[in-house]
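Below is one structure, written out as C-alpha cells, with a few remarks after it.
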Amino acid sequence: MRISGGYLRGRSIDTPKNSRTHPMGERVRSGLFNTLGDITGLSVLDAFAGSGALSIEAVSRGAANVIAIENDRSAQKAIKTNILNLELSKKVCLVNASASAWLNTSDATFDIILLDPPYDNLLPDLLIKLARRIKVGGIVVLSMPPRSNVILPSDFQIIKSKNYGDAEIHFYKEIAFFKNTLTEQSSVVVA
C-alpha cells in the first residue's frame, strides 16, 4: 500500500497481517483527502486506524497531529512500524485501545474525525459518541459499506457523499449552534 498525496506520496506502508481490518484503497483515500482540501495545521482523530494509512495520509498532507486508535495487535504492530519507518513519532500518536475505551479516558476534540470502522461491526452508538468530539466547524468523515443505514444525528449536516463501489464516504459538518460558542473554531473546507 502506498501514500497517495503530500510530502510522503509514493512511500510504502505496512499493513496488518490478518483479515480483521479492511485497508482503505489508495483511490478512496485520495478522493477523501482531495475532498477535504487543505488540512494544514489541523488536528485529526483516526478512530479505527487499521494500518494507519489515513493517519499517515493526513500528516503527509499537512495535519499538525493525529491520534490513531487501534485495538488489534497485528494492526498496532503495522502502525508502529509505519510511524518508525516514516519518522512520524512527533506527529502520530498511537493509542493501543478500543475507541470506546479511549472515549472514557480523554476529552480531546479535533478539527477532523475519520471514522472507518470494521464493516462487519459498525456500532452506530459508538460512531455518534466519537463524532461528538469534533470542534465547531470541523468535519466528520464516515466510511461505510454501500447502502448501510448508519447516519449521524440531526445536529450533523451531511455536506457531501461519494460512492466508490465497495465503500461510501460521507462528509458531515457539526452544526455550530449545538456546540459551546467559546469552542475553538476550525477552518476545514470541503471542496
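Throughout, read-outs are computed from the coordinates displayed, never taken from laboratory work. This structure is a prediction, so every number in the text was calculated from the model and none was measured. For neighbour counting, all protein chains shown are included, and Cβ atoms are generated from backbone atoms with ideal geometry for every residue, glycine included.
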Worksheet item: Once both axes come from the Cα atoms, what is the angle between helix 73-85 and the longest principal axis of the chain, in degrees from 0 to 90, rounded to 10?
Response: 80
Worksheet item: Taking only DSSP H segments of four or more residues, each worth -39500 (n - 2.57), what value at 222 nm results for the chain once the sum is divided by all its residues, to the nearest 500 deg cm²/dmol?
Response: -6500 deg cm²/dmol
Discussion item. How are the alpha carbon pair distances in segment 1-77 distributed across 5 Å bins from zero to the largest one, expressed in percent?
Written reply: 3, 17, 27, 27, 17, 7, 1
Discussion item. Tell me whether the chain comes out rounded, prolate or oblate; compute the Cα gyration tensor, take square roots of the eigenvalues as a ≥ b ≥ c, and use a/c under 1.5 as the rounded threshold.
Written reply: rounded
Worksheet item: Got a sec? How would 160, 135 order by Cβ neighbour count within 10 Å, fewest to most?
Response: 160, 135
Worksheet, complete the sentence: Under 5 Å from the placed amide H of residue 164, counting only residues 5+ away or on other chains, we find 169
Discussion item. Between helix 26-36 and the chain, what is the angle of the helix's C-alpha long axis to the longest principal axis, kept within 0 to 90° and rounded to the nearest 10?
Written reply: 30
Worksheet item: Ranked by Cβ crowding within 10 angstrom, fewest neighbours first, how are 57, 174 ordered?
Response: 174, 57
Worksheet, complete the sentence: By the C-alpha gyration tensor axes a ≥ b ≥ c (rounded if a/c is under 1.5, else prolate when a/b exceeds b/c, else oblate), the shape of segment 53-114 is oblate
Response to the item:
For 81, 15, ascending order of other Cβ atoms within 10 Å (fewest first) is 81, 15
Worksheet entry | Efficiency of FRET between residue 149 and residue 26 - r from beta-carbon atoms, R0 22 angstrom, step 0.05 | 0.20
Worksheet item: Got a sec to turn the phi values of segment 53-59 into Karplus ³J(HN,Hα) couplings, 6.51 cos²θ - 1.76 cosθ + 1.60 with θ = phi - 60°, whole Hz, x for Gly and Pro?
Response: 4, 5, 4, 5, 4, 4, 5
Worksheet entry | Over 30 Å (Cα to Cα) - which of 91/135; 77/173; 91/129 fall in this group | 77/173
Item to complete: Determine by what factor the alpha-carbon radius of gyration of segment 97-165 differs from 2.2 N^0.38 Å, reporting the quotient.
Response: 1.11
Worksheet item: Within a Cβ distance under 12 Å of residue 93, other residues only, what is the Lys/Arg minus Asp/Glu net charge?
Response: +1
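About the Cα centre, and with charges only on the beta carbon of Lys, Arg (+1) and Asp, Glu (-1), how big is the dipole of the chain? Nearest 20 debye, please.
Rounded to the nearest 20 debye, it is 320 debye.
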